[in-house]
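So the structure is just underneath, and the comments pick up after that.
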Amino acid sequence: MNMKKKILIVDDDRIAVESLSFYFRDEGYEVKTAGDGEEGLKKLGGYRPDLIISDIVMPKLDGIGMLEKIKENPATKGIPVLVLSNLETKDSVRAIGQLGNIPYLIKTDHTLEELGKKVADMLEGL
């Protein structure tokens, strides 16, 4: 199916990371993970994912700060991003919206299968 598609999951919630990693690996994706925005940016240096799934609230560098740096960098700005968080405030939605057309999903509102479909749709044609 998507044997060569690569996903970078950036989230400090170990259980969420393990669940997402297991699910997407089982679906045939290559998965790397990072526990915060700083680590996520470092991983981008040697790993060119086809998609980034990121939380918002994380230590060191939060998801919004990380995404701003990704979108400022010509080498990474074209990587599709899916925000997956339990935080949904007007400020966070507005900040993500200013970074471009980035889907913003609430973790507790979606099953792994629904996330899988969203990721597959985002990666179709890449």
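Of all residues in region 1-15, which are in contact with a Leu (Cβ under 8 Å, 6 or more places away or on another chain) and among the hydrophobic types (A, V, I, L, M, F, W, C)?
The answer is I7, L8, I9.
Would you pick out the residues in region 83-126 that are touching a residue at least 12 places away in the same chain (Cβ under 8 Å), in a helix (DSSP H, G or I) and either closer than 21 Å to E30 by Cβ or more than 13 Å from the chain's Cα centre (by Cα) (or both)?
S92, A95, T108, L112, L115, G116, K118, V119, A120, M122, L123
Select, from D36, D55, the only residue that is free of Cβ contacts under 8 Å to residues at least 40 places away in the same chain and of a type in the set (D, E).
D36
Which is surrounded by 22 or more Cβ atoms within 10 Å (Cβ to Cβ) and aliphatic (A, V, I, L, M), of A34, A16?
Matching residue, one of A34, A16: A34.
Among P80, P74, which is more than 23 Å from Y29 (Cβ to Cβ) and at pLDDT 90 or above?
Step by step, each of P80, P74 is checked, and only P74 is more than 23 Å from Y29 (Cβ to Cβ) and at pLDDT 90 or above.
Which of the residues belonging to region 102-118 are surrounded by 13 or more Cβ atoms within 10 Å (Cβ to Cβ) and of a type in the set (A, V, I, L, M)?
I102, L105, L112, L115
Which ones in region 28-58 are within 10 Å of I7 (Cα to Cα) and either hydroxyl-bearing (S, T, Y) or not in a strand (DSSP E or B) (or both)?
Of everything in region 28-58, those that are within 10 Å of I7 (Cα to Cα) and either hydroxyl-bearing (S, T, Y) or not in a strand (DSSP E or B) (or both) turn out to be Y29, T33, Y47, R48, P49, D50.
Within region 80-101, which residues are within 27 Å of G125 (Cα to Cα) and buried (at least 17 other Cβ atoms within 10 Å of the Cβ)?
Answer for region 80-101, where residues must be within 27 Å of G125 (Cα to Cα) and buried (at least 17 other Cβ atoms within 10 Å of the Cβ): P80, V81, L82, V83, L84, S85, I96.
Within region 44-62, is there a residue that is surrounded by fewer than 20 Cβ atoms within 10 Å (Cβ to Cβ), within 18 Å of D91 (Cα to Cα), hydrophobic (A, V, I, L, M, F, W, C) and modelled with pLDDT under 95?
Yes, region 44-62 has at least one match.
The values are calculated or read from the model by the stated rules, or taken from the named source; none is laboratory data. The shown structure was predicted, so the numbers you read here are calculated from the model rather than taken from an experiment. We place every Cβ from the backbone using ideal geometry, glycine too, and count neighbours over all the protein chains shown.
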